[in-house]
Amino acid sequence: MSKKRRFGRVRRLPSGQYQARYQGPDGIDRPAPETFATKGDAELWLTLKEAEIVHGDWMDPDAGKVAFGKYAASWIDDQVLKPRTEELYRACSRITSLRLSAMWTCATSARPGRQPVGVDGAHGALQRPGRSHLPARNPATRRGHRGGHGPA
């Protein structure tokens, strides 16, 4: 008889792969982003996901699916603002959208033999000490980089 997991579920797919699912802290049932070759791999992934949640490092995988400009416009629309304040907020959101767009362009245009500029910059910013509110694993890890603060 199989032992029931206390966090998440694993099921075997017709392809022979295994799918892991869990309920996030937001109450939404979420599948793993990929399938696994073995049941053990799927269970290990669930264990690590549970640890992220317990330690407060979990990040909503859907969080980045709304563009900043659309989010900002929606947020401003939901506020009760004086006309001049609304005008200033909309101007600031447009400027920020342009800056984010420029940063993305810079981050995705690779230089020969190097990671994109934005990844280097983001990695450095996220490696600085005193960032205990950030996830334990740096999401801007450079290719071939094994830790520390120096170049890859």
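The values are calculated or read from the model by the stated rules, or taken from the named source; none is laboratory data. This structure is a prediction, so every number in the text was calculated from the model and none was measured. FYI the Cβ positions are ideal-geometry reconstructions off the backbone, even for glycines, and counts take in every protein chain you see.
How many residues does segment 45-95 contain that are part of a helix (DSSP H, G or I) and touching a helix residue (DSSP H, G or I) at 6+ places or on another chain (Cβ under 8 Å)? Even if it seems obvious, please write down each step before you answer.
First pass over segment 45-95, keeping only residues part of a helix (DSSP H, G or I): 45-54, 63-65, 68-77, 83-95.
Subsequent filtering for residues that are touching a helix residue (DSSP H, G or I) at 6+ places or on another chain (Cβ under 8 Å) retains 68-69, 72-73, 76, 86, 89-90, 93-94.
Final tally of qualifying residues: 10.
If you check residue 42 against the conditions, is it touching a strand residue (DSSP E or B) at 6+ places or on another chain (Cβ under 9 Å), surrounded by 15 or more Cβ atoms within 10 Å (Cβ to Cβ) and modelled with pLDDT of 90 or more?
Numbers: touching a strand residue (DSSP E or B) at 6+ places or on another chain (Cβ under 9 Å): yes; surrounded by 15 or more Cβ atoms within 10 Å (Cβ to Cβ): yes; modelled with pLDDT of 90 or more: yes.
Considered against the rule, which asks whether it is touching a strand residue (DSSP E or B) at 6+ places or on another chain (Cβ under 9 Å), surrounded by 15 or more Cβ atoms within 10 Å (Cβ to Cβ) and modelled with pLDDT of 90 or more, residue 42 comes out as yes.
Search segment 1-20 for residues being hydrophobic (A, V, I, L, M, F, W, C) and not in a loop (DSSP other than H, G, I, E, B), and hand back the single one that is nearest to residue 50 (Cα to Cα). Walk me through it before giving the result.
Step one: filter segment 1-20 for residues hydrophobic (A, V, I, L, M, F, W, C), giving 1, 7, 10, 13, 20.
Those left that are additionally not in a loop (DSSP other than H, G, I, E, B): 10, 20.
On the way: 10: 14, 20: 12 Å.
Among residues in segment 1-20 that are hydrophobic (A, V, I, L, M, F, W, C) and not in a loop (DSSP other than H, G, I, E, B), the one nearest to residue 50 (Cα to Cα) is 20.
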